[in-house]
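Novice: Input: one structure, supplied below.
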Amino acid sequence: MELRQLRYFVKTAEMLSFSEAARAINVAQSTLSQQIRQLEDELNIQLFERQSHSIRLTEAGSQILPFALKTIHDADSCISKIKDLNGLETGSLNIGVTYSFSPILTETLIQFTKQYPRIKLNIFYRPMSELMEMLLSHAVDFVLAFRPSVRIPDIDSHVLFDNHLAVIVNDHHPLAAKERVSVSDLSRFHMALPSKGLQARNAFDTCLAAYIDRFDVRIELNEVNILLELIKNSNMVTILAEATVYNQPGVKAVPIDLPVNEMEGCVHMLHDSYRKHSAIQFITMLRDSHAVRARQHNWFT
């Protein structure tokens, strides 16, 4: 049994297509199929049910998959640890980021790539639920996202900064001059909200569930940049984490007059998993960045 064969098996199980898996790994389909056949012969079991236009895991394949994933992860961790011990500034760092975290990341990305030019950064922007699945499957080294409302087993969440939900309006909006915005204030304007499933929307639905019938929600979007452009060019309001508009010209974050609206910005990592030297360095830079330190001092005070 070879590590390469396990990688081919895992990728095929993920994509349920020999052709797509071969394309993703950048090998010929015939090579991938042959290696999986050899693995099946060595194990004396069938890993996939092959039909004319589709494949699926057999019961044996489903049982073996978690062990294959762990073996690949342990091998990759071993390689990373050896590189770290040798002081090599090479390799890759895979980071999952929610859309709301994007504005505070740029400063650290620039600093890190200057200091570690030989480390390849792979940045994945996804909703939090998808990123947590990627973290659990070792597809990313850590995730930058606000703390989920329910703790996820096997994931440790380390707080970077405290944050709050805020009303986001353009600089000339009637609410922009207020020190705090009440629920009554919000009900006077059309709203454009982040789509359900995004962290800011989850927090909005939790904090303002009792008032939801009073709001006039006209648009829901799962793309924060487009949402902010809409706010800049209209009299609509939205609700986002205040950190989302860091260094964003033309918009202003105004506190919501609610007793509870906290959103903690966190680094999420697998419990008891090996930490790459590059990951530790990146998180240290992020924690010391102006963007995060500004959040630690709280915009609203």
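Novice: If Asp272 passes every condition in (1) in contact with an Asp or Glu (Cβ under 9 Å, 6 or more places away or on another chain); (2) over 30 Å from Asp76 (Cα atoms); (3) free of Cβ contacts under 8 Å to residues at least 40 places away in the same chain; (4) of a type in the set (D, E, K, R) but one, which one does it miss?
Specialist: (2)
Novice: Within the set of pairs 6+ apart or on separate chains, which have a first residue in the range 108-134 that is closer than 18 Å to Ser80 by Cβ, a second that is crowded, with 17+ Cβ neighbours inside 10 Å and of a type in the set (D, E, K, R), and C-beta atoms under 9 Å apart?
Specialist: Matching pairs, first to second residue: Met134/Arg126.
Novice: Exactly one of (1) more than 17 Å from Gly96 (Cβ to Cβ); (2) assigned by TED's automatic domain parsing to the domain that holds Leu186; (3) under 24 Å from the mean Cα position of the chain (by Cα); (4) in contact (Cβ under 8 Å) with a residue 12 or more places away in the chain is unmet by Glu229. Its number?
Specialist: Every condition holds for Glu229 apart from (4).
Novice: Please go through the range 248-266 and give me each residue that is basic (Lys, Arg) and closer than 12 Å to Ala203 by Cα, ordered by number.
Specialist: none
Novice: Is there any pair with a first residue in the range 156-176 that is touching a residue at least 12 places away in the same chain (Cβ under 8 Å) and a second that is of a type in the set (Phe, Trp, Tyr) and part of a strand (DSSP E or B) whose Cβ atoms are under 9 Å apart and which are 6 or more apart or on different chains, and what are they?
Specialist: Note: pairs meeting the criteria are Asn163/Phe146.
Novice: Return the total of residues in the range 202-245 being farther than 20 Å from Asn163 by Cα and touching a Gly at 6+ places or on another chain (Cβ under 7 Å).
Specialist: So the answer is 1.
Novice: Now for a separate question. For the range 186-206, how many residues are part of a loop (DSSP other than H, G, I, E, B) and over 19 Å from Leu228 (Cα atoms)?
Specialist: 2
Novice: Working only within the range 186-202, note down all residues that are buried (at least 18 other Cβ atoms within 10 Å of the Cβ) and modelled with pLDDT of 90 or more.
Specialist: Across the range 186-202, the qualifying residues are Leu186, Phe189, Met191, Ala192, Leu193, Pro194.
Novice: How many residues, within the range 129-185, are touching a strand residue (DSSP E or B) at 6+ places or on another chain (Cβ under 6 Å), hydroxyl-bearing (Ser, Thr, Tyr) and either buried (at least 22 other Cβ atoms within 10 Å of the Cβ) or not in a strand (DSSP E or B) (or both)?
Specialist: 0
Conditions tested, residue by residue: (1) among the hydrophobic types (A, V, I, L, M, F, W, C); (2) surrounded by 12 or more Cβ atoms within 10 Å (Cβ to Cβ); (3) under 21 Å from Val140 (Cβ atoms); (4) out of contact with any Pro (no Cβ under 7 Å at 6 or more places or on another chain).
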site	(1), (2), (3), (4)
Arg7	no, yes, yes, yes
Ala22	yes, yes, no, yes
Arg56	no, yes, no, yes
Cys78	yes, no, yes, yes
Asn94	no, yes, yes, yes
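Novice: Regarding the range 208-218, can at least one residue be identified that is outside the structural domain of Glu107 (by TED's automatic domain parsing), assigned to a loop (DSSP other than H, G, I, E, B) and more than 16 Å from Ser100 (Cβ to Cβ)?
Specialist: Yes, the range 208-218 contains a residue that is outside the structural domain of Glu107 (by TED's automatic domain parsing), assigned to a loop (DSSP other than H, G, I, E, B) and more than 16 Å from Ser100 (Cβ to Cβ).
The values are calculated or read from the model by the stated rules, or taken from the named source; none is laboratory data. None of the values given here were measured: they were computed from a predicted structure. Heads up, the Cβs are rebuilt from the backbone with ideal geometry, glycines too, and the neighbour counts pull from every protein chain shown.
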